[in-house]
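Participant: I have a structure here, written as structure tokens, and I will follow up with some questions on it.
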């Protein structure tokens, strides 16, 4: 990986991690907006906590080069769920953000793949 691409991947990883630490933290802290949003979609409270924990865990994994691929996969599963939720509630415009984040995470995962899976001799 070139130095420029490496820097881009690190900056993108840090920004995504910060975003997911924040959003996951709001869910885990039980902030009113997060609680109301999950209730509006008919999800139980434990599900909000599980999603928050997955977001925080995935964010931390994004910052560890050997684990970034796994963090990206974990967060992709969460965002697929968010996309499906928005689409099934006829909120297609709200599904754009999870899709864009999916593409950004895919770039990070593909870029970090070499460090996550060591080459075999």
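Participant: Determine which member of the set 121, 109 is on the phi < 0 side of the Ramachandran plot, in a loop (DSSP other than H, G, I, E, B) and at pLDDT below 90.
Facilitator: Step by step, each of 121, 109 is checked, and only 121 is on the phi < 0 side of the Ramachandran plot, in a loop (DSSP other than H, G, I, E, B) and at pLDDT below 90.
Participant: Just give me the residues in the range 39-53 being assigned to a helix (DSSP H, G or I) and either buried (at least 19 other Cβ atoms within 10 Å of the Cβ) or at positive phi (or both), in sequence order.
Facilitator: 48, 51, 52
Participant: Can you tell me which residue is farthest from residue 77 (Cα to Cα) among those in the range 8-27 that are under 13 Å from the mean Cα position of the chain (by Cα) and surrounded by 21 or more Cβ atoms within 10 Å (Cβ to Cβ)?
Facilitator: Going through the qualifying residues, I end up with 13.
A quick yes/no check of all residues on (1) in contact with a helix residue (DSSP H, G or I) (Cβ under 6 Å, 6 or more places away or on another chain); (2) more than 20 Å from residue 99 (Cα to Cα); (3) without any contact (Cβ under 8 Å) to a residue 40 or more places away in the chain:
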{"position": "3", "(1), (2), (3)": "no, yes, yes"}
{"position": "7", "(1), (2), (3)": "no, yes, yes"}
{"position": "14", "(1), (2), (3)": "no, no, no"}
{"position": "31", "(1), (2), (3)": "no, yes, yes"}
{"position": "41", "(1), (2), (3)": "yes, no, no"}
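Participant: Here are the criteria: (1) out of contact with any helix residue (DSSP H, G or I) (no Cβ under 8 Å at 6 or more places or on another chain); (2) within 24 Å of residue 8 (Cα to Cα); (3) at pLDDT 90 or above. Tell me which single one residue 90 does not satisfy.
Facilitator: (2)
Participant: When the residues of the range 86-112 are narrowed to those that are over 20 Å from residue 7 (Cα atoms) and crowded, with 19+ Cβ neighbours inside 10 Å, which ends up nearest to the chain's Cα centre (by Cα)?
Facilitator: The qualifying residue nearest to the chain's Cα centre (by Cα) is 98.
The values are calculated or read from the model by the stated rules, or taken from the named source; none is laboratory data. Model, not experiment: these values are computed from the prediction. All Cβ positions, even for glycine, are placed from backbone atoms using ideal geometry, and neighbour counts span all protein chains on display.
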